[in-house]
Amino acid sequence: MNALFSGSLDNSIKLSDVFTGKVKYTFNHHRRGVNRIQWSQRSQLFFSCGVEKDIFMWNLSVNKPIGYLKGHDTSVVDVILDEDRGQLVSSSIDGIVKVWDVRSS
């Protein structure tokens, strides 16, 4: 994919073409700012986290979240995907780290 994801404190995620710079998609379902986005090449899904406590799971063909990972008590500041293990690792502002099985997601 020749695209760039960007997240913003205005609650949006944008997917732009890296060659033209034009925004191809805008996703507006976060209630508060977006901290991090993680793309899965294998599943063609992406995950986002932000000021709210949930992690959003997205499919590019659907302009809304297809699932949520809930379990943090504070803002989620980072998500990292290990595609070989099918795991998503998240960390929140209170220092809690969680490992999620996203193989069946």
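Counting only residues 5 or more places away or on other chains, whose amide H sits under 5 Å from the amide H of Gly50 once H atoms are built in the peptide plane?
Asn35, Val76
How long is the chain along each principal axis, judged by its Cα atoms, biggest number first, in Å?
That gives 39, 31, 20 Å along the principal axes, largest extent first.
In percent, how large is the relative contact order of the chain, given Cα pairs closer than 8 Å and 6 or more residues apart? Intermediate values should be presented prior to the final figure.
Numbers: 244 pairs, mean separation 17.1, N = 105.
In percent, rounded to a whole number, it is 16.
Determine the share of the chain's accessible area contributed by carbon and sulfur atoms, expressed in whole percent, with a 1.4 angstrom probe. The partial results should precede the final answer.
Details: 2880 of 6070 Å².
Roughly 47 percent of what the probe reaches on the chain is carbon or sulfur.
For a test of understanding, tell me how many lysine pairs in the chain have Cα atoms under 21 Å apart, given they are 8 or more places apart or on different chains.
The result is 10.
The values are calculated or read from the model by the stated rules, or taken from the named source; none is laboratory data. If you're wondering where the values come from, they're calculated on a predicted model, not measured in any experiment. To get the accessible areas, we keep the full protein, side chains included, count just its heavy atoms, and leave off ligands, DNA and RNA. Shrake-Rupley method; radii C 1.70, N 1.55, O 1.52, S 1.80 Å.
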